[in-house]
Each structure stands twice: as structure tokens, then as C-alpha cells.
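Enquirer: Here it is, the structure, as C-alpha cells.
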Amino acid sequence: MVYDFERPIVELEEKIAELQRFAGEKGIDLSKEIENLEKKSRELKEAIFSQLSPWQKVLIARHPGRPNTLDYIKLLCTDFIEFHGDRCFGDDPAIVGGIARFRGRAVTVIGHMKGHDTKENLARNFGMAHPEGYRKALRLMQQAEKFKRPVLAFIDTPGAYPGMGAEERGQAHAISCCITGMLTLRVPVISVILGEGGSGGALALASGDRILMQEYAVFSVISPEAYASILWKDATRCQDAAGIMKITAQELYAYQLIDGIIPEPLGGAHRDKNEAARLVGEAIAHHLEELVGYSVEELLRRRFERFRRIGPEYLPGNDVT
Amino acid sequence: MLDIFKKQRQRYATVNPVTRDIPDGLWVKCPRCHEIQYSGELAKQLKVCARCGYHFRLSARERLKITIDEGTFIEWDGDMGPVNPFQNPEYGEKLARAQQESGLKEAVVTGEGDIAGHRVAVAVMDTRFMMASMGTVVGEKITRAIERAREKRLPLIIFSASGGARMQEGIFSLMQMTRTCAALSFFSSAGLLYISVLTDPTTGGVSASFAFAGDIILAEPGALIGFAGPRVIEQTIRQKLPEGFQSAEFLRQHGFVDAVVPRPLLKKTLAQILDLHRSD
């Protein structure tokens, strides 16, 4: 799948591939031309990606080819074993979890799981979790605490699923417990927003010591479509909504609501998933190194302080009267 | 002759309209059974419909009046008004209108007072203020109330009602879920009691944070309680929800609230729970 704003890049890349094939077949040396085109392609990517609008970032964040949680777990970790079920009701395929080794250290990994195509997405419910998903996440986090493993949480969800079964089984209660459970965990917790960080469903896995966002990830209280539809009664104004909602990594970092932006390969994570994973790994390792150095008390004190400060006094240019 | 064929001239009487002094809202129609009742009488019944038992929504002041012993309430942070983090002019206008219509500075009133002689910290959300959506200052006032309750070692009662997070404040409003939960976990580890009372409607970011974090969770009859609102669910699953779905009674049946307590019994029930948790 290619978005309109990506098309010039893709066309140029196709041209380069064609030239390479042609050169190979005919045995002609076209390296100079190819090099030129590659340079042009890089410049084009830089030009396009340096001025993506917030809405275009939303599209990149939702790109079906974007690496998902299991892709990252497999690229970042070794010895991953997936664990299933909440021990109460069932197993939610929209949230995955288990244990693995990250750079020599045993860790617990959890995260929302989207698919790369419709079939996978239907199986994963598009990454929209039910209560059993949040309860599984909480169970695995508490297991991590028992065995003193850090928790890596990957966030990529449009939001918690709004369905009948979800309500019957206590969606609100499950999210509330997951937030509090993560907040009070006596081991380091790093959350990485990979794509879409949608509302309470995303927040359930974002109450730890660090919230990092990939360069083109978004984190919002509600989707731009829903914002436009509720406030302006016009869902087609989602581009305007994305513009004013402050949902991009860059905007949220400027407000110090997140702790870091993880750069993506030029053109977005879906253009080079190995490089994307390498960059995510570097960022996690950097923050984890710092967090494992704190005593449990210090860790919790800092974690609570981090959230405590996000009040009105903290807002720039606002008088609390 | 043949008078019967003669067209009878219709006679109209001109009635001079007598303007009687009927103030607005003297009569109230029950949204459930459509019974029209005198508002003074309704207020005496704690705004519960005499015919069908429908619980009308209460303003924060009305709730405090029927819950807290007279003359004992001390408001906290009453002068704290909302913030507009992204300086959104549409939102600014909406806030001004909400303040004017509700007479409140924000959608929650917090403070301390007595319930049948038991000192408590209390927070009451008011749906007349932007459907009691949780913005930064709502989160702040609730967080402060929880913290003060911990410092003073008071039991905490929160009357929740909310449409969810306040969209116009973006991630700042979403983060209030985590903040209030953080304050509550501190509060809880001090061995103190938090009674969450869910009133109509308790949904979204409020239900998915502090409202469901109570040691004891009570609900008012008929209150709509859930994560997603019924319209969102209906749009998602493309079918109508059954009668009573997400009602307080439905949640009790599914194991998510401890008791559904009719309003006339609520103060007594709270007093009883507080008495059973008395530390002396």
C-alpha cells in the first residue's frame, strides 16, 4: 500500500530498480546514473518526510506495512516465548505477551498486536483489545515483578474495543486495573508507542517509567475522525482535527509528555524494518540502563512524580485561576 | 325554513391572555415514564420520580446538600478554573458557556464534610459542565482531594459522572487517568477507604480510571455505566443494544459493582459503611 505523498518516492525507487536490472542484463555500467538517482531519492524522501503534516503522520502510523509488536519482539529479542490467556475468561489475540531476552537480560514483553493485512487484522481485531487482553497484560506484568524482570510494553492500537462482550466483561474495570497495576510495578517499565496510541486502550500500557514514541507514531485522546465527528459533526475534517489535537511525537515531546522520540529510517519504519528495530533497540537499551540503576523506591518515586507533574501548573502559558 | 342548511356562523370568544407568574421549570416531566410532577415535590423526593423511580441527575451542589450534614462542608480548590492548553478559541467559548450555565468553575466540586457525623473527603462531578468530562483541572482537583484525604487520613467518597476524557485538552486530559490512579494507589497503600459511587452516566476515561478503582463500588439505580458509550457500541456492532445494557443493575449482575443503592438510602448506606470502617 502506497499513500499519495509517498508515490514520488516509490516511483523513483522503481526506476532505480529497473535501471539496476537493465544494467545487469546488458552488462552496461550505469552505476553513475544509479548513484545519482539514489541521491535524488534520498533528497526526495528527506524533503517529503521533513514536512509531513500531522494527518500524514497518522497515515504513516497506521500503515499496514509498518512493523508490528511481534515483528519488533522478534527483531529485538532472542528466546521469545509467547504466553497466552488471562486465567479468567480467555486469550485476547489483540494483545500479545511473553518472556524473552533483550541484550542479555530476561525481560517481559507485552504489546498490542495489529496485522499486516485484512485477514491478520481480523484475527487480531485490528489491535483493539477486550478486557481479557488487559487482564493478560496485567498478569504478565505481575509475573515480571515476581521474577524481577523489566517490562517492555509496545503500544499500537486504535483504542479499546467498544463492543458488547467487552462491556459485559468490564472493559473500564480492566483498563483501570491495568493502569494502576503498571503504575505500582516494582520493576522498570518502558512503553514504546509504535504506531497508533489510541485513547484509554493505549494508556493502559503507558503508565510506566518511560513513554517513548517512534518518530511517526501518534498518541491521542481520541481519533482525529472521532474528534471531527463529535465536535464538528463532520468526520471528513479529520485532517484539521489532526492538526490541532497535538498528537505527534514531536508536539508531545515539546510538551514533555513523552520522554523521547525514536528516529525512524528515512521514509518511515515500513521502508526498513531492520533499521527501525535497531533504532528502537538502541533507545530501549539507553533508558533501561538508567532505570535498572535505581532502587525500587527511587524508581517508584520518580515514576509517580512523572505523572504528578502533568497538572495545570505545568501547562505553558496557562494561569490557574 | 331550512335553517339547517344555513351556514352557522362560528362564534369565537376572545380570551385575553392572563399572564400568570409561572417560573420556568416549575413542572418537570420524567424522561422515563413521562409523568409530570411539581418540581418542589420532586426535590423533596431527592429528585427520584414518584411514579417510576427514575433517578434524575443531580448537580454537584444538590448532591452535597443531600449527602453531607448541614453546615459541615468545606470546599477545596473552589477557585480553580479550567485551562485551555492549546489555546483553542472554540474550547474557550465552550468553557465560558459551561461556567455560566452551571455556576461552577469546573466540572467537579471537592472538599470535606460529615456524613452522619463521619468526616470524609468528597468529590462530586457535575454533568451540567460539559458532561463532566475530565480535563486537566478536573484531574488536578480530584488528585488533590485524594492527596488531602491521605494527609488527613479521611475516607474518600467520589460521586462519579462523566462522558469521559475532555477531548479539547488532548493527551493532557488522557493523562489525568494515570494521575488519579497514581494518587489513589498511594492513598490505598495508607490503608484508607475509598468508596466510589457511580452515577448517571459514568463512562470513558473516568470509568476506566478512578471510578472503578474503589475499595467499594456503589451505583445509583438506572445509571449508565460503561467504557464506551452506547452510541459508539451500536455504530461499531451495527445493531441496537438490548434494554438495560450498561445499566447499574446490569453491572451488578455482571459482577462489577458491589451494590445498587436507591438515592433515598444512599446516605444511610454510606454512613453504615463508614461506621464499619471506623478505626477507633
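The values are calculated or read from the model by the stated rules, or taken from the named source; none is laboratory data. Small disclaimer: the values here were computed from a predicted structure and weren't measured. Backbone-built Cβ (ideal geometry, glycine too); neighbour counts: all protein chains shown. Just so you know, the surface numbers come from the protein's heavy atoms only, side chains and all, with ligands and any DNA or RNA stripped out. Shrake-Rupley method; radii C 1.70, N 1.55, O 1.52, S 1.80 Å.
Enquirer: Among (1) of a type in the set (Asp, Glu); (2) more than 11 Å from chain A (Cβ to nearest Cβ); (3) within 27 Å of residue B:86 (Cβ to Cβ), which single condition is residue B:151 missing?
Expert: With respect to (1) of a type in the set (Asp, Glu); (2) more than 11 Å from chain A (Cβ to nearest Cβ); (3) within 27 Å of residue B:86 (Cβ to Cβ), residue B:151 is out only on (3).
Enquirer: Just to be sure, is residue B:174 more than 10 Å from every other protein chain (Cβ to nearest Cβ) and either open to solvent by 10 Å² or more (accessible area, probe 1.4 Å) or not small (Gly, Ala, Ser) (or both)?
Expert: Taking the combined requirement at face value, the residue does not satisfy it.
Enquirer: For the stretch A:219-240, give me each residue that is within 11 Å of chain B (Cβ to nearest Cβ) and either aromatic (Phe, Trp, Tyr) or within 19 Å of residue A:201 (Cβ to Cβ) (or both).
Expert: Within the stretch A:219-240, A:219, A:220, A:221, A:222, A:223, A:224, A:226, A:227, A:229, A:230, A:232 qualify.
Enquirer: Return only the number of the condition from (1) under 23 Å from residue B:162 (Cβ atoms); (2) modelled with pLDDT under 95 that residue A:164 does not satisfy.
Expert: Unmet condition: (2).
Enquirer: Do you know which residues across the stretch A:1-23 are in a helix (DSSP H, G or I) and open to solvent by 60 Å² or more (accessible area, probe 1.4 Å)?
Expert: A:4, A:7, A:11, A:13, A:14, A:15, A:18, A:20, A:21, A:22 - these are the residues of the stretch A:1-23 that are in a helix (DSSP H, G or I) and open to solvent by 60 Å² or more (accessible area, probe 1.4 Å).
Enquirer: Pick from A:186, A:149, A:135: which is in contact (Cβ under 8 Å) with a residue 24 or more places away in the chain, of a type in the set (D, E, K, R) and buried (at least 24 other Cβ atoms within 10 Å of the Cβ)?
Expert: On inspection, the qualifying residue turns out to be A:135.
Enquirer: Check the stretch B:249-260 and report whether any residue there is open to solvent by 70 Å² or more (accessible area, probe 1.4 Å) and more than 13 Å from chain A (Cβ to nearest Cβ).
Expert: no
Enquirer: Then there is this: Can you tell me how many residues in the stretch A:146-195 are under 30 Å from residue B:246 (Cβ atoms) and out of contact with any strand residue (DSSP E or B) (no Cβ under 7 Å at 6 or more places or on another chain)?
Expert: 24
Enquirer: Any residue at all in the stretch A:310-317 that's within 18 Å of residue A:207 (Cα to Cα) and either touching a residue at least 12 places away in the same chain (Cβ under 8 Å) or not hydroxyl-bearing (Ser, Thr, Tyr) (or both)?
Expert: Yes, some residue in the stretch A:310-317 is within 18 Å of residue A:207 (Cα to Cα) and either touching a residue at least 12 places away in the same chain (Cβ under 8 Å) or not hydroxyl-bearing (Ser, Thr, Tyr) (or both).
Enquirer: Continuing with the same structure: Provide a single number: the residues in the stretch A:309-321 that are within 17 Å of residue A:208 (Cα to Cα) and surrounded by fewer than 17 Cβ atoms within 10 Å (Cβ to Cβ). Walk me through it before giving the result.
Expert: Taking the stretch A:309-321 as the starting set, the residues that turn out to be within 17 Å of residue A:208 (Cα to Cα) are A:309-310.
Subset that is surrounded by fewer than 17 Cβ atoms within 10 Å (Cβ to Cβ): A:309.
Residues flagged as within 17 Å of residue A:208 (Cα to Cα) and surrounded by fewer than 17 Cβ atoms within 10 Å (Cβ to Cβ) within the stretch A:309-321 amount to 1.
Enquirer: Please work out if residue B:87 is surrounded by fewer than 18 Cβ atoms within 10 Å (Cβ to Cβ) and within 14 Å of chain A (Cβ to nearest Cβ).
Expert: Yes.
Enquirer: Given the residues A:250, A:256, which is the only one that is at positive phi and without any contact (Cβ under 8 Å) to a residue 60 or more places away in the chain?
Expert: A:256
Enquirer: Taking the stated definitions as given, is residue A:45 open to solvent by 100 Å² or more (accessible area, probe 1.4 Å) and either under 27 Å from the mean Cα position of the chain (by Cα) or not assigned by TED's automatic domain parsing to the domain that holds residue A:117 (or both)?
Expert: Spelling it out, it is not the case that residue A:45 is open to solvent by 100 Å² or more (accessible area, probe 1.4 Å) and either under 27 Å from the mean Cα position of the chain (by Cα) or not assigned by TED's automatic domain parsing to the domain that holds residue A:117 (or both).
Enquirer: From the residues in the stretch A:48-78 that are in contact with a helix residue (DSSP H, G or I) (Cβ under 6 Å, 6 or more places away or on another chain) and of a type in the set (Phe, Trp, Tyr), which one is surrounded by the most Cβ atoms within 10 Å (Cβ to Cβ)?
Expert: Per the criteria, the residue is A:72.
Enquirer: I've got another one for you. Residues to consider are B:245, B:212, B:256, B:227; find the one that is assigned to a helix (DSSP H, G or I), within 21 Å of residue A:165 (Cβ to Cβ) and hydrophobic (A, V, I, L, M, F, W, C). It would help to see each step written out before you state the result.
Expert: Values: B:245 fails: assigned to a helix (DSSP H, G or I); B:256 fails: assigned to a helix (DSSP H, G or I); B:227 fails: assigned to a helix (DSSP H, G or I).
On inspection, the qualifying residue turns out to be B:212.
Enquirer: Just one of A:309, A:301 is basic (Lys, Arg) and either at pLDDT 95 or above or outside the structural domain of residue A:258 (by TED's automatic domain parsing) (or both); which is it?
Expert: A:301
Enquirer: List pairs: first residue in the stretch A:210-226 and in the same structural domain as residue A:301 (by TED's automatic domain parsing), second residue open to solvent by 10 Å² or more (accessible area, probe 1.4 Å) and of a type in the set (Asp, Glu) anywhere in the structure, Cβ distance under 7 angstrom, at least six positions apart or on different chains.
Expert: A:210/A:259; A:211/A:259; A:212/A:259; A:214/A:264; A:215/A:264; A:216/A:264; A:218/A:196
Enquirer: Does the stretch A:192-204 contain any residue that is at the interface with chain B (Cβ under 9 Å from one of its Cβ atoms), in contact (Cβ under 8 Å) with a residue 60 or more places away in the chain and surrounded by fewer than 24 Cβ atoms within 10 Å (Cβ to Cβ)?
Expert: For the stretch A:192-204, residues at the interface with chain B (Cβ under 9 Å from one of its Cβ atoms), in contact (Cβ under 8 Å) with a residue 60 or more places away in the chain and surrounded by fewer than 24 Cβ atoms within 10 Å (Cβ to Cβ): absent.
Enquirer: Filter the stretch A:245-300 down to the residues that are touching a strand residue (DSSP E or B) at 6+ places or on another chain (Cβ under 8 Å) and polar (S, T, N, Q), then identify the one that is most open to solvent (accessible area, probe 1.4 Å).
Expert: Taking the candidates together, the pick is A:250.
Here is a yes/no grid of residues against (1) of a type outside the set (Phe, Trp, Tyr); (2) at the interface with chain A (Cβ under 9 Å from one of its Cβ atoms); (3) under 25 Å from residue B:246 (Cα atoms); (4) surrounded by fewer than 23 Cβ atoms within 10 Å (Cβ to Cβ):
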position	(1), (2), (3), (4)
B:182	yes, yes, no, no
B:189	yes, yes, no, yes
B:196	yes, no, yes, no
B:200	yes, no, yes, yes
B:204	yes, yes, yes, no
B:215	yes, no, yes, yes
B:218	yes, no, yes, no
B:221	yes, no, yes, yes
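Enquirer: State which residue is farthest from the other protein chains (Cβ to nearest Cβ) when the search covers only the stretch A:152-179 and only residues that are open to solvent by 40 Å² or more (accessible area, probe 1.4 Å) and touching a residue at least 12 places away in the same chain (Cβ under 8 Å). Full working, then the answer.
Expert: Our first condition is that a residue be open to solvent by 40 Å² or more (accessible area, probe 1.4 Å); within the stretch A:152-179, this holds for A:158, A:161, A:164, A:168-169, A:173, A:177.
Checking the rest, the ones that are also touching a residue at least 12 places away in the same chain (Cβ under 8 Å) come to A:158, A:161, A:169, A:173, A:177.
Values: A:158: 11, A:161: 8, A:169: 7, A:173: 4, A:177: 8 Å.
The extreme case among them is A:158.
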